[in-house]
Amino acid sequence: VNGYLNRIDQFAHLNAFNEVFAAEALEQAKAVDAKLHAGTAGKLAGMVIGIKDNISYKGHKVSASSKILDGFTAIFSSTIVERLLAEDAVIIGRCNCDEFAMGGANENSYFGPVKNFADETRVSGGSSGGSAVAVQAGMCHAAIGTDTGGSVRQPAAFCGAIGLKPTYGRISRHGIIAYASSFDQVGPITNSVSDAALLLDVMAGPDNYDGTAIQQPYQPQGELKPSTGAKKIAYLQEALDSEGTDPEVKQMLTDNIAKLKAEGHTVEPVSFEYLDYLVPTYYVLATAEASSNLQRYDGVHYGYRSPNATDLQSTYKLSRSEGFGKEVKRRIMLGTFVLSAGYYDAYYAKAQKVRRLIRDKTNEILQQYDLIMVPTAPEPAFAIGKEEKDPVVSYLHDIFTVQASLAGVPAISLPAGNNSQGLPLGLQLLTKQYAEKELLEFSEYFL
Ligand code: GLN
């Protein structure tokens with residue numbers, strides 16, 4: 001813990017943590033040491049973890065990197081924090097993220113952007129940017145993020161780490177600050193596949209506090225075995241054809257295709273006719289759900305209340321106007337619009353139908369193939385400040401991550417070398433619902 005605390009101090013300017021639980025982490029570590037000596041330590045003894053600042057931990061502040069939660073302290077722990085602590089993980093602090101997990105560059109945080117350790121002029125990715133940089137810069141052993149449309153996988157890719165988004169419902173959302181509830185899923189960011197498997201084992205499984213958590217008992221991954229036998233892998237031809245994909249990202253995909261083929265795997269292009277609908281469908285549904293989830297921040301129940309409020313109406317109005325950032329407001333307005341009586345059928349109901357088509361088509365491909373392989377993101381980490389102006393440009397960057405989110409299937413981002421400027425690239429694998437074990441075992445192959 002002391003080693004990590006030093007690292008956190010040394011690289012504080014990267015802005016990866018919103019708060020460090022220094023004294024408490026040292027106390028926890030002492031307790032774990034004692035258990036180790038007594039032979040009673042849990043599976044995560046020795047693991048020092050950062051948690052994204054949208055994960056509740058009783059008695060600790062939780063802000064979702066928003067001004068509107070200013071001063072708010074969690075009154076209970078999320079299920080995942082309880083499970084991590086029960087296995088003797090040490091939680092070292094809460095990691096910076098985009099406000100309410102809305103974003104893909106960590107530039108929407110009330111606490112400012114997180115800098116990429118590979119190049120400090122560039123973004124960390126997001127929304128779990130602090131978690132990814134904390135792992136990248138050696139400030140903790142592993143970190144926990146949340147992934148609604150790519151927020152674990154994409155920052156992991158930008159930071160050369162592994163990011164796993166499990167099957168929707170695999171890990172309880174109880175105590176996670178909701179963004180878009182039918183998409184939100186917790187996931188680990190790690191330096192090894194076996195750490196991702198271990199953290200999944202500890203966090204996964206049914207939970208009485210989350211009705212959307214998968215109710216069947218969870219089979220722990222246990223020891224991962226090397227994947228054997230030839231696999232059938234599909235890749236999206238459009239990812240290679242698209243002008244929006246960076247040439248070196250295309251090259252990375254082409255190289256992996258060639259390597260897999262040379263080793264006897266079947267790798268074939270598939271056409272995904274809904275590619276252009278992925279981003280619009282995701283943003284209609286995610287903003288609709290967000291506009292509903294964020295109604296609770298009214299200046300009365302949680303955190304920030306405007307000092308200028310004089311009555312109930314102005315408490316709502318001013319607290320929300322002053323408390324939410326620009327991107328969050330944009331999404332609340334967009335989500336409210338697509339849910340409004342006159343537009344519900346044209347946007348929200350239609351997007352639900354398109355989501356079904358996307359899910360069915362994705363599952364159909366995954367009946368024929370073991371895996372779908374795509375880049376995690378169309379380009380590597382970009383310069384801080386570059387994209388703030390045009391939200392549509394940022395939304396389009398989620399093209400390769402939202403498919404797994406819309407379909408609810410598991411997906412992992414794996415480090416796939418660096419580009420010519422030394423920036424990490426990420427390769428993403430998607431597989432069938434519930435097939436995390438196969439996904440993790442095959443992931444080892446790439447590393
Ligand atoms: N970039 C996507 C968004 O802004 C995904 C974010 C996430 O997964 N939380 O919605």
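Do the alpha carbons of any pairs in LYS115/LYS231; LYS250/LYS361; LYS250/LYS353; LYS165/LYS232; LYS43/LYS437; LYS361/LYS437 sit beyond 26 Å of each other, and which pairs?
LYS115/LYS231; LYS250/LYS353
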**Request:** Mind checking which of TYR4, CYS140, MET203 is farthest towards the positive end of the chain's charge dipole, using Cβ charges of +1 (Lys, Arg) and -1 (Asp, Glu) about the Cα centre?
**Result:** MET203
**Fill in**
As a percent rounded to 5, the proportion of antiparallel DSSP bridges among beta bridges in the chain is 65
**Message:** Is there a quick way to get the dipole size of the chain? I mean about its Cα centre, with the Cβ of Lys and Arg at +1 and of Asp and Glu at -1; what is the value in debye to the nearest 20?
**Reply:** 680
**Prompt:** Per 20 Å bin, what is the whole-percent P(r) computed from every C-alpha pair distance within the chain?
**Reply:** 27, 60, 13, 0
**Fill in**
Karplus ³J(HN,Hα) for segment 155-161 (6.51 cos²θ - 1.76 cosθ + 1.60, θ = phi - 60°; Hz, whole; x = Gly/Pro) runs x, 4, 4, 5, 10, x, 10
**Request:** Using Cα pairs closer than 8 Å and at least 6 residues apart in sequence, work out the relative contact order for the chain, in percent.
**Result:** 18
**Item:** Mean Cα-pair separation over length for segment 1-101, i.e. relative contact order, pairs under 8 Å, 6 or more apart, %
**Value:** 37
**Request:** Report, in cubic angstrom per residue, the convex hull volume of the C-alpha atoms of segment 315-362.
**Result:** 89
**Helical mean residue ellipticity (222 nm; -39500 (n - 2.57) per DSSP H run of 4+; nearest 500) of the chain** = -11500 deg cm²/dmol
**Fill in**
Note, segment 268-276: 3J(HN,Hα) by Karplus (6.51, -1.76, 1.60, θ = phi - 60°), whole Hz, Gly/Pro = x, goes 9, x, 10, 9, 10, 5, 9, 3, 5
**Asked** Which of the peptides 277-288, 85-96 is most tightly packed, and how do the rest follow, going by the mean number of other Cβ atoms within 10 Å of each residue?
**Response** 85-96, 277-288
**Item:** Percent RCO, i.e. relative contact order, over segment 236-317, from Cα pairs under 8 Å lying at least 6 residues apart
**Value:** 22
**Item:** Packing-based order for 111-123, 338-350, 19-31, 57-69, using average beta carbon neighbours within 10 Å, highest first
**Value:** 57-69, 111-123, 19-31, 338-350
**Request:** Rank-order 413-423, 178-188 by packing density, defined as the average count of other C-beta atoms within 10 Å over each peptide's residues, highest first.
**Result:** 178-188, 413-423
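Where a number appears in this text, it was derived from the coordinates with a stated rule and is not lab data. Keep in mind that what you see is a predicted model, and the values were worked out from it rather than measured. Methodologically, a virtual Cβ is constructed for each residue, glycine included, from the backbone with ideal geometry; neighbour enumeration extends over all protein chains shown.
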